[in-house]
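S.K.: My questions all concern the structure below.
The values are calculated or read from the model by the stated rules, or taken from the named source; none is laboratory data. Keep in mind that what you see is a predicted model, and the values were worked out from it rather than measured. Neighbour counts are summed over all protein chains in view; Cβ atoms, including those assigned to glycine, are modelled from backbone coordinates with ideal geometry.
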Amino acid sequence: MKSNILIPKNKFTRNSLLLFMSASFLNLSTSCQEIKKFHNKENSAIINQKEIEFKHWLKDTLKIINVRSPIGYQREIKIEDDSLYLQLITNYNLKLDKTYNENNKEIIYVLDLLERNNVMPQKKFHLKLTVEYYFYISSIKRLKRDFDTEIKHFEIRYEGRKIQYKFIKGNLIDMTESKD
């Protein structure tokens, strides 16, 4: 069986071909390394720029957060040492009824959630709620920062009853009731 691969017959041509292939491979390898270095430099520059922008955003945001006077809740602010992560913890401790008229999105959401699940108390009740926000630099090039929200504690007390709810991805998943 004959092979279709062209192999030079004389030694000089064979060595020249091997030298050419080696040089091409070396050149390709060097080019790949240069491309990697360029992308690493580009990514480093993007990351450095995102860090700077996040720190500016953090500075401006903290000015706004510290000016507001909370009524009915306490806010705790945690910042990592490198200032690239912000955690806002808001603890609500409120007496409410289903006709809440304030403009607080967390409380409005909780009341809507209770209403949708047909567990809204008909009389005044005491709400304890802990909401945590996490802000950090986004890993997506087009986004400057990203955030997550988590409800850590969700409790209602009324008429001698204490009800604790578990909450995941916008839904009540579990309820534990006890005497207050």
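S.K.: Inside segment 96-115, can you point out the residues that are over 15 Å from GLN164 (Cα atoms) and surrounded by 12 or more Cβ atoms within 10 Å (Cβ to Cβ)?
M.R.: Listed by number, the residues that qualify are LEU96, ASP97, LYS98, TYR100, ASN104, GLU106, ILE107, ILE108, TYR109.
S.K.: Right, SER139: modelled with pLDDT under 90, under 20 Å from the mean Cα position of the chain (by Cα), surrounded by 12 or more Cβ atoms within 10 Å (Cβ to Cβ) and assigned by TED's automatic domain parsing to the domain that holds MET175 or not?
M.R.: Taking the combined requirement at face value, the residue does not satisfy it.
S.K.: Also, quick follow-up: Taking strands (runs of 3 or more DSSP E) that fall entirely within segment 73-150, which contain at least 3 residues that are free of Cβ contacts under 8 Å to residues at least 24 places away in the same chain? Please lay out each step first, then the result.
M.R.: Numbers: elements: 73-79, 85-96, 125-137.
Counting at least 3 such residues, we get 73-79.
S.K.: Exactly one of (1) more than 30 Å from ILE52 (Cβ to Cβ); (2) exposed (fewer than 12 other Cβ atoms within 10 Å of the Cβ); (3) of a type in the set (Ser, Thr, Tyr); (4) touching an Asp or Glu at 6+ places or on another chain (Cβ under 8 Å) is unmet by TYR92. Its number?
M.R.: (2)
S.K.: Report the residue count in segment 159-173 for those that are part of a strand (DSSP E or B), out of contact with any helix residue (DSSP H, G or I) (no Cβ under 9 Å at 6 or more places or on another chain) and at pLDDT below 85.
M.R.: 2
S.K.: Which one of LEU113, LEU127 is outside the structural domain of LYS59 (by TED's automatic domain parsing) and under 24 Å from the mean Cα position of the chain (by Cα)? Break it down into steps so the answer makes sense when it comes.
M.R.: Values: LEU127 fails: under 24 Å from the mean Cα position of the chain (by Cα).
Residue meeting the stated conditions: LEU113.
S.K.: Which of (1) under 30 Å from ALA45 (Cα atoms); (2) at pLDDT 90 or above is the odd one out, the single condition ILE89 does not satisfy?
M.R.: (1)
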